[in-house]
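> Here you go, one structure.
Bear in mind these aren't lab numbers, they're just calculated from the coordinates by the rules spelled out. Note that the structure is predicted; figures quoted are calculated from it, not measured. Glycine gets a Cβ as well: all are built from the backbone with ideal geometry, and neighbour counts include every protein chain shown.
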Amino acid sequence: MISDDRVRIAFQLATDLREPHWPDPERPQQLHLDVMVDDIESATSQAIALGAKRLPGDGADFRVFEDPAGHPFCLVFEV
C-alpha cells in the first residue's frame, strides 16, 4: 500500500524532443516543477552538483535552474 503523503513523478524518454530554451516561447517548457526546500543554499549546491545550471529570473522566494536536458525548474523557499 502506498502512503498518501508521498509524491511520485514518472518520466519517459521523448526521442524527438526539441530542447526547451526558457523563456523563449518558440521552444517552451514541457513541464515545470517547483521544489520546496528548507535550506536554499544547500539545495542550490546539491542541484548544481547533480548537473543543474542557474538561469536568470530568480524571485524573492525562488531560484530558477535547468536540468542537464534543459528543462527549467525552481527551488522555492520561505523568505
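> Taking the Cβ of K53 as the center, what net charge do the other residues with Cβ under 9 Å away carry, scoring Lys and Arg +1 and Asp and Glu -1? Show your work: numbers first, answer last.
Details: positive: R54; negative: E66, D67.
It works out to a net charge of -1.
> As a test of the formula, what do you get for the chain when each DSSP H run with n ≥ 4 contributes -39,500 (n - 2.57) and the sum is divided by the residue count, at 222 nm and rounded to the nearest 500 deg cm²/dmol?
-3500 deg cm²/dmol
> Also, quick follow-up: So what are the ³J(HN,Hα) numbers for the range 59-74, from phi and the Karplus equation (6.51, -1.76, 1.60; θ = phi - 60°), rounded to whole Hz, Gly and Pro as x?
x, 5, 10, 8, 10, 9, 9, 10, 7, x, 8, x, 7, x, 8, 10
> A further question follows. With an 8 Å Cα cut-off and a minimum separation of 6 or more residues, compute the relative contact order for the chain in percent. Spell out each step's value before the answer.
Numbers: 98 pairs, mean separation 23.4, N = 79.
With pairs under 8 Å counted, the relative contact order is 30 percent.
> Work out, in µm²/s and without decimals, the Stokes-Einstein translational diffusion coefficient of the chain at 37 °C, 0.692 mPa s, Rh from Kirkwood over C-alpha pairs.
Working: Rh = 14.0 Å.
D, rounded to a whole number, is 235 µm²/s.
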